[in-house]
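Have a look at the structure below, then the notes.
Please treat every number below as a calculation from the coordinates, not as lab data. Just so you know, these numbers come straight off a predicted model, no measurement behind them. Positions of Cβ are generated from backbone atoms using ideal geometry, with glycine treated the same way; all protein chains shown enter the neighbour counts.
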């Protein structure tokens, strides 16, 4: 069996096993799995409004997934996507509320770029520390998540507003909201950001697969010492990878800031999008197209799950368990790979 | 052999999942029974639903209280849980508020509650789009004709808690543990400090915010620091974070049963959280709780709306007079319980007849102190 086919098969089997396990759990706990899954489906695709919401949720998931996947390809584990997303969110809103009279053609790109820059800066710190002092990026990024959360809360409360818990809405000229999408999806919050997210997926694919720089980044991911021996600058590539990863994460924040919400509010905890991005990247096999597909699945599950308790009585917690099981099976892909190999060997005999 | 191991692993995963799933589902099944079948003419019934904030419907606090109110409404009207009676939807993140509110609108509920100030922007937006749908929001004001806003005078309940704390303390050091610095909690803090000041001007109130409503470990750390600096009474207005305060108080009591460690709960009567069993006898570290009767308000507003008197575009404020806030019974173990109860009654009367206006912000607290 070709390795490419196996790579596609593993996530599919993982999702299937997750759903199967979910079915059994629902049966044992006394819920009707058919009603449960049809409620999940209806809640995600049963109505044009829900399709709009799924795409809305899909947008930041793509970017968060790309951020994690990009760093992964260079051998770095960026757990700081959450923090980079939060600073990107704040930067976009800050630009969005600070200027009033700018034309949209300048204001909107400026806000989006500010988010990318803020995320990139937040990614630069762990990249730099890793390159210069070999500080492990996992530790630095986890800590920077908390720094981001509390610093942005403080800025929202004390700098942008006067002790309020949320900023005013961003100016119309910086908003990604689209009355057109709203009218065709019955007031869902679907916004133009989806185009940015898809464009970023193409950029990532092109950058990694078609350019010299991308080759270097991947080479560093495979083997730092060999890359160094081959004359590549490992440190530069580590920093660059974290910066680009952070920029993607910052853009994910811009999607929430300028599209979904239109404001930034003081957060008591993380949004979770950045952490879900890790699962999305894992399920998507760290490739651009894989991330897009995995993000769609996660977006659908997330939105559809909200409908399950109301329509079928299945509690939200169970949906969380099913999602967790899917991730579990993806993470234990070795078991599935081992099975596939065993079965295909048997076939040969 | 290896195959069998995989089978074992798979069944373990399934078993664990099933157990967890059963845990989550338990409460619901119970609720689904009960009043079913009593509802006469379902089509004419006035159906009500609510969207919780990220705390979830079993947060032992705010959201849970609102759901109790909805259940009480359903019981009174003979409705059952579900689409043609009353129901709730939980939000996992801030992004879910709008989706959930829209889903309930689509299910044709007659009245939809948004629980908590976090829901304000979402309700404001959707109420503008779905102008035929009636909404209600707790703890925030949305100025639209199809939205009823419910506010509470939390400061009045907190004031009574402050009176209690001021009289119960022996070290003259009192703690306040806040969730996040938002207007609702500011009302709690201002009222509490004013209450302490009224009965015990010498007491020193230490204020600390945990910056989260769902971090029990942060609450425990703050409580630990306060107790070790000599504080003997801590009042929390921090939702789930406050559970850490109770854990810390219980632990200290267990270590040294003689020591006076007290906590004061919030929103609903949290007495059950304070029970410590030492050598076979039950003690309780919770003096009382500052009640915020979200349940009464939710039920009250639902009944009004069902009678055709939906207060759209209005702000209804629930205070001591309206039974919207109050104080839970005082702990029996307190030596000066009678004195405290008398004082609390005295101040209750003063607040009700307008003799005292409890400050609801830092600015008002300053002028209150000046008097």
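Peptide A:316-322 shows a mean partner chain C-beta count of 5 within 10 Å per residue C-beta. Here each label is just a point 7 Å from Cα along the line to Cβ, and for residue A:138 and residue B:225 those points are 2.9 nm apart. In percent, rounded to a whole number, the relative contact order of the range B:87-173 is 19, using alpha-carbon pairs under 8 Å and six or more apart.
Descending by average beta-carbon neighbour count within 10 Å, the peptides B:173-185, B:222-234 line up as B:173-185, B:222-234, the highest first. Packing, as the average of other Cβ atoms within 10 Å across residues, places the peptides B:148-154, A:150-156 in the order B:148-154, A:150-156, highest first. With contacts taken as Cα pairs under 8 Å and at least 6 residues apart, the range A:63-288 reaches a relative contact order of 45 percent. Between A:206, A:133, A:270, the residue with the greatest mean-square fluctuation in the GNM of chain A (Cα pairs under 10 Å linked by springs) is A:133.
Applying 1/(1 + (r/R0)^6) with R0 = 35 Å to the Cβ-Cβ distance of residue B:76 and residue B:350, what FRET efficiency is obtained, to the nearest 0.05?
Values: r = 34 Å, r/R0 = 0.96.
The formula returns an efficiency of 0.55 here.
Taking B:308, B:219, B:166 in turn, the Gaussian network model of chain B (Cα-Cα springs below 10 Å) assigns the largest fluctuation to B:308. In the elastic network of chain A, a GNM with C-alpha springs shorter than 10 Å, the most mobile of A:79, A:278, A:24 is A:24. Here the calculated FRET efficiency for residue B:108 and residue B:323, from their Cβ-Cβ distance with R0 = 25 Å, stands at 0.20, rounded to the nearest 0.05. Ellipsoid semi-axes for the protein assembly as shown, based on the Cα gyration tensor and the rule √(5λ), read 46, 30, 28 Å when sorted largest first. Averaged over peptide A:26-38, the number of partner chain Cβ atoms lying within 10 Å of each residue's Cβ comes to 2. Across chain B, Cα pairs under 8 Å and at least six residues apart give a relative contact order of 16 percent.
Spin-label model, residue A:199/residue A:16: points 7 Å from Cα along the beta carbon direction are separated by 3.8 nm.
Is chain B best put as rounded, prolate or oblate by its Cα gyration tensor, with a ≥ b ≥ c the root eigenvalues, rounded for a/c under 1.5, and otherwise prolate when a/b is larger than b/c, oblate when not? Spell out each step's value before the answer.
Values: a/c = 1.95, a/b = 1.22, b/c = 1.60.
Oblate, since a/c reaches 1.5 and b/c is not below a/b.
Based on other C-beta atoms within 10 Å, arrange B:259, B:187 from fewest to most.
B:259, B:187
Convex hull volume of the Cα atoms of the range B:212-355, normalised per residue: 152 Å³. Counting Cβ atoms of other protein chains within 10 Å of each Cβ in B:95-105 and taking the mean gives 6.
Spin-label pair residue B:129-residue A:339: with each label point 7 Å from Cα along the Cα-Cβ axis, the two points sit 4.1 nm from one another.
Measuring r between the beta carbons of residue B:272 and residue A:186 and using R0 = 51 Å, the FRET efficiency lands at 0.70. When its C-alpha radius of gyration is set against 2.2 N^0.38 Å (N residues), the range A:63-288 gives a value of 1.03.
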